[in-house]
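Engineer: One structure coming up, written as C-alpha cells, with questions to follow.
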Amino acid sequence: MCKMIKESEQKLLVDIHSHSNLSHDGSDEPIEMARRAAELGVSHYALTDHIEVDEFGLSEWDYFAAIAKFKPACEEIRSKFGDKMKIYFAAEIGQALYDLPAAEKILSENDYDFVIGSVHRTEHYEHMSKIPDTEFDRKRVIKEYFDEMLALAEWGKFSTLAHMTFLMRFVNIDTPAGLVCDKEKRTEAAFDTYKPIIDKILETIIKKDIALEANSSGYRRGLGGPMAGAPFIRRYRELGGKMITVGSDAHEVCDVAADIPKCIELVKELGFGEICVFEKKEPVFLKI
Ligand SMILES: [Zn+2]
Ligand SMILES: [Zn+2]
C-alpha cells in the first residue's frame, strides 16, 4: 500500500536514491517511478539503478544492456517531468572493488551527475539474507563489511556512501554486554562496538569530499531510523562532515520518497542545516 505524505510535511522532498526495472530487483518502469515522485512534489529526483560489479558475467541479468538504457530513461523522464523537478543522471555502483577496471570503465563512459557507492555483500557472504546466525559468522561478516567499505572509500570514485548500516538489517551484534537481537538497537550497538573502523571510514569520506547517505529505507526495514543511523550521522558531523544526501531506495512506485520527511527532520535534529544533491559531480546544498 502506498504511504501518504502529509501536505504539511512537503516543504522539501528530495529523493536521489531509487530503482526502476532497469535494476535486477526493481519492479516498475522509470517513467512510473518519476511520475510518482512528481505527483508527491519531490523537487530533486534521481533513478540510481544498480551496477553490481561483482555480478558481471555471473548473473543472468544483463548489466550492460541495462546500463545502456539508463541515459535514455533519464532523458525520457526529464522530458516528461523536468519542468516539475530537477532530475539527475545517476547510478548505484555496488562492490566496485571486485572489478575495478570494469567499474572505472563504466564511470569514464557515462557522464553521471553522481554515483552512489555501495557494499551489498562481502568476500565470504554473497547474500546478506543468508548469513548463518553464529558468533563466528556475525563477527566475520561485520569485519569484512566495514573493511571493504573502508577500501571502497579509499578508492573514492563516487559521490555519496550508501546506507552505511545496511548490514544491520541482517545481522545481530555481539557486544561485550551480550548479543543484541532487537533490530532497532543494532545500529547503536554496531556503532559502539566498531567505532575505530567506523571513524576511519567517516574520516576517509570527509577527506575525499564524499557525502554520507541517510537512506530512509531503514525505517521500513525495521531499523527505527535511516541507514546510516543517527549515531553515524552525528559522528560524521563531529568529524567535520558537511554533506548528507537523502534517498528512499524505492524499488517500486509505492516506496518513492517514503519516510523522507522523517529522515530530513532527523538530519536537521542532528545539527545539519542543509542536505545536498550532486550536479555534474559538484555538490549543491539545499537548506532544510
Ligand atoms: Zn544499495
Ligand atoms: Zn539502492
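Engineer: Placing unit charges on C-beta atoms (Lys and Arg positive, Asp and Glu negative, everything else neutral), compute the dipole magnitude of the range 11-287 about its Cα centre in debye, rounded to 20.
Structural biologist: Numbers: 36 positive and 49 negative charges, 200 e Å.
Its charge dipole is roughly 960 debye.
Engineer: Among Leu150, Val14, Thr165, pick out the residue whose Cα is farthest towards the positive end of the charge dipole of the chain, where Lys and Arg carry +1 and Asp and Glu carry -1 on C-beta, about the Cα centre.
Structural biologist: Selected residue: Val14.
Engineer: In 10 Å bins starting at zero, report the fraction of Cα pairs in the range 133-190 per bin as a rounded %.
Structural biologist: 22, 50, 23, 5
Engineer: Here is a further query. Which of Arg220, Arg35 has the fewest other C-beta atoms within 10 Å, and how do the rest follow up to the most? Can you show the working numbers first?
Structural biologist: Values: Arg220 14, Arg35 18.
Listed from fewest to most nearby Cβ atoms, that is Arg220, Arg35.
Engineer: Need one word for the range 214-288: rounded, prolate or oblate. Basis is the Cα gyration tensor (sqrt eigenvalues a ≥ b ≥ c); a/c below 1.5 gives rounded, then a/b vs b/c decides.
Structural biologist: Numbers: a/c = 1.99, a/b = 1.23, b/c = 1.62.
It comes out oblate by the Cα gyration axes.
Engineer: Please sort by residue number the GluC sites (Glu not before Pro) in the range 42-86 whose DSSP state is loop and whose Cβ has at most 12 other Cβ atoms within 10 Å.
Structural biologist: Counting only loop positions with at most 12 other Cβ atoms within 10 Å, the GluC sites (Glu not before Pro) in the range 42-86 are Glu60.
Engineer: Given N residues in the range 25-184, what is its alpha carbon radius of gyration divided by 2.2 N^0.38 Å? All intermediate terms of the calculation are to be shown ahead of the outcome.
Structural biologist: Details: Rg = 17.8 Å, N = 160, 2.2 N^0.38 = 15.1 Å.
So the Cα radius of gyration is 1.18 times the expected 2.2 N^0.38 Å.
Engineer: Taking 7 Å along the Cα-to-C-beta vector as the label spot, tell me the Thr175-Lys195 distance in nanometres, rounded to one decimal.
Structural biologist: 1.2 nm
Engineer: Same structure again: Let me know the number of lysine pairs in the range 1-126 closer than 23 Å at the Cα, not counting same-chain pairs under 8 apart.
Structural biologist: Final tally of qualifying lysine pairs is 16.
Engineer: For the residues Glu92, Glu188, Glu238, what sequence is obtained by ranking on other C-beta atoms within 10 Å, fewest first?
Structural biologist: Numbers: Glu92 26, Glu188 20, Glu238 12.
By the 10 Å Cβ count, ascending: Glu238, Glu188, Glu92.
Engineer: Over the range 11-287, what is the relative contact order in percent, taking alpha-carbon pairs closer than 8 angstrom and at least six residues apart? Please report the intermediate quantities before stating the final value.
Structural biologist: Working: 548 pairs, mean separation 56.2, N = 277.
It rounds to 20 percent for the range 11-287.
Engineer: With n ≥ 4 as the cut-off for DSSP H runs, can you work out [θ] at 222 nm for the chain, using -39500 (n - 2.57) per run divided by the number of residues, rounded to the nearest 500?
Structural biologist: Details: 9 runs with 108 residues, N = 288.
Only helices count here, giving -11500 deg cm²/dmol.
Engineer: Which whole-angstrom value gives the distance between the alpha carbon centres of the range 210-250 and the range 32-79?
Structural biologist: So the two Cα centres are separated by 22 Å.
Engineer: Suppose each label sits 7 Å from its Cα in the direction of the beta carbon; what would the Lys11-Ala68 distance come out to in nanometres?
Structural biologist: 4.6 nm
Engineer: Now for a separate question. Once the Cα gyration tensor of the chain is found, what semi-axes does its equivalent ellipsoid get, as square roots of 5 times the eigenvalues, in whole Å, sorted largest first?
Structural biologist: 27, 22, 18
Engineer: Additional query: Got a sec? How would His127, His44 order by Cβ neighbour count within 10 Å, fewest to most?
Structural biologist: Working: His127 9, His44 23.
Least to most surrounded, the residues fall as His127, His44.
Engineer: What is the range 147-288 by shape, rounded, prolate or oblate, if you read a ≥ b ≥ c off the alpha carbon gyration tensor as root eigenvalues and call it rounded for a/c under 1.5, prolate for a/b larger than b/c, and oblate otherwise? Spell out each step's value before the answer.
Structural biologist: Details: a/c = 1.66, a/b = 1.19, b/c = 1.39.
Oblate.
Throughout, read-outs are computed from the coordinates displayed, never taken from laboratory work. Since the structure is predicted, the reported quantities are computational estimates derived from the model, not experimental observations. Note: ideal-geometry Cβ built from the backbone for every residue, glycine included; neighbour counts use all protein chains shown.
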